[in-house]
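The block underneath contains the structure these notes are about, expressed in structure tokens.
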Amino acid sequence: MNPVPAVLVTGASRGLGRGVAIEAAAQGLSVAVNYASNRAAADETAALCRQVAPNPAQRFVPVAGDISRRDDRLALVDGVLAALGRLDALVNNAGIAPRVRADVTEASEASFEEIIRTNLQGPYFLTQRVANHWLEKRYAPALPGGFKIIFVTSISADTASVNRGDYCISKAGLAMAAQLWAVRLAAEDVQVLELRPGIMATDMTAGVKDKYDRLIAEGLVPQRRWGTAEDVGRAVRAVLAGQFPFTTGDVIHLDGGFHLRRL
């Protein structure tokens, strides 16, 4: 009997991570629902996953852990393996925005350090921990095309916003991290991809909704709509299903055409 593949989705209690977890569940995976502090929201994500799961053997386990903290990262992976028995995919989704948007001439080092620890250092070294687990244990992946690592970045990886430079730098660094891990793990049966969402309807953008409603209506996004958690979840599902067998290290844009150069 084939094992049920398992995925760890960081920041899965709400937003884009919840969309990813639900689509992974619909694809037939067990899901470790990582959360930093909101256990009730993680439980809700797990319940939503159960509603769409096609296989009664699938499991959906909330796992606490702040990925910006080394001890939490180590405990997170250990907890997932203890609960699910294996790990076949990692979706590095968790991230934060600056607490205060400030021009680069005024932004604080404290904000920079907090953003980098969570958005870049956290997923980079969480990936290291997961990759080393696979390299040490050498069990066969239960997903088509091998193990999967997905980095969820942002259009901010290559779009400058001078009032949140720390966030832009963290996402640009994460884009390079995806390439580094793709090169290192390509020969080890591990596929690494970057998903680069655009203007997404999440808690993070709630405070600027009116501004972006206007800009989207004016054509900032060629498809003229906000992106959704489902958009990201469906892209992850396609990767988990092995729909990109000869691809690694690439960027998949999920931005409605925002990145296209236009006259």
Which numbered condition residue 108 fails, given (1) without any contact (Cβ under 8 Å) to a residue 24 or more places away in the chain; (2) crowded, with 20+ Cβ neighbours inside 10 Å: (2)
Residue tally, condition out of contact with any strand residue (DSSP E or B) (no Cβ under 8 Å at 6 or more places or on another chain), under 20 Å from residue 11 (Cα atoms) and basic (Lys, Arg), over the range 79-105: 1
Among (1) in contact (Cβ under 8 Å) with a residue 40 or more places away in the chain; (2) surrounded by fewer than 17 Cβ atoms within 10 Å (Cβ to Cβ); (3) of a type outside the set (Val, Ile, Thr) - the single one residue 38 does not satisfy: (1)
Sole exception among (1) more than 16 Å from residue 153 (Cβ to Cβ); (2) touching a helix residue (DSSP H, G or I) at 6+ places or on another chain (Cβ under 9 Å); (3) touching a residue at least 60 places away in the same chain (Cβ under 8 Å); (4) surrounded by 13 or more Cβ atoms within 10 Å (Cβ to Cβ) for residue 212, by number: (3)
Members of the range 41-88 that are over 20 Å from the mean Cα position of the chain (by Cα), crowded, with 17+ Cβ neighbours inside 10 Å and polar (S, T, N, Q): 58
Count - residues of the range 236-249 that are surrounded by 15 or more Cβ atoms within 10 Å (Cβ to Cβ) and either under 12 Å from residue 198 (Cβ atoms) or not aliphatic (A, V, I, L, M) (or both): 4
Among (1) among the aromatic types (Phe, Trp, Tyr); (2) surrounded by fewer than 20 Cβ atoms within 10 Å (Cβ to Cβ); (3) touching a residue at least 40 places away in the same chain (Cβ under 8 Å) - the single one residue 167 does not satisfy: (2)
Meets criteria (closer than 21 Å to residue 126 by Cα and in a loop (DSSP other than H, G, I, E, B)) for residue 141: yes
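Any read-out appearing in this document is the output of simple, stated calculations on the displayed coordinates, not a laboratory observation. Bear in mind the structure is a predicted one, so any value in this text is a computation, not a measurement. In this analysis, Cβ positions are derived from the backbone assuming ideal geometry, glycine residues included, and neighbour counts consider all displayed protein chains.
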